[in-house]
Amino acid sequence: MAVPHTRTRTTSTPMPAGIPHRVAALLRADRRARLLARDIAAGLQPDMGPDGPAAMARSVETTRIALAPGARPHTVRRLRDGCMLDRLFHRANAGLSAEQHEAGLRFRRYWLRSTHSGRMVQRYTPHTGAGAGTMEETEAAVHARRAIDRALALLTPARARTVCAVCGMDEHPGTRTRTLRTALDVLHEQWR
């Protein structure tokens, strides 16, 4: 089924009769990809795959981790940008300031803690608190949900949706970068 287009064609390449512009563009892109794959397989073009420019731009850190108590530490490499906030902060033209990054990571910690489902534990004896110790998983999740509710109450609906999408669900901000920055500034002012 043909999709009607309101724009006129800007390319000077002739289009086969009866084929819409988008389909022709997809066919040209597919042909370019097949030709590039053929040239890479023949050794005529360099393979820009796992060690190409996009992979080289990602920041990698090397740390030593002891896998067990008393064991010799092993050297491991891991990407420093584990979520979308890190990718926005560590890129060359940083999309976030340090304060915005910190506020976004704090919201992300609350989000992950609130969505973490606790273990099901059955006890036959009554549970009495000793006044010290750590919170159970369900209590931590409830406190994190309350912190998220307080944070989202400060934001407009559009800003709240953006913060939940980017910080909580790790989506790309796309055109909402300015909204994300403003929302993280509000959260930083509140949590300072």
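Structure summary
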read-out	value
Test: Asp86 is assigned to a helix (DSSP H, G or I), among the acidic types (Asp, Glu), modelled with pLDDT of 75 or more and more than 18 Å from the chain's Cα centre (by Cα)	no
In the range 83-115, the residues that are surrounded by fewer than 17 Cβ atoms within 10 Å (Cβ to Cβ), hydroxyl-bearing (Ser, Thr, Tyr) and under 19 Å from Arg159 (Cα atoms)	Ser97
Matching residues in the range 147-157 - criterion: being closer than 22 Å to Thr175 by Cα and either out of contact with any helix residue (DSSP H, G or I) (no Cβ under 6 Å at 6 or more places or on another chain) or not aliphatic (A, V, I, L, M) (or both)	Thr156, Pro157
Residue count, the range 168-179 (criterion: in contact (Cβ under 8 Å) with a residue 60 or more places away in the chain and either closer than 13 Å to Gly95 by Cβ or in contact with an Asp or Glu (Cβ under 9 Å, 6 or more places away or on another chain) (or both))	3
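The values are calculated or read from the model by the stated rules, or taken from the named source; none is laboratory data. Please read these numbers as outputs of a predicted model, since none were measured by experiment. Glycine also receives a Cβ, built like all others from the backbone with ideal geometry; neighbour counts cover every protein chain displayed.
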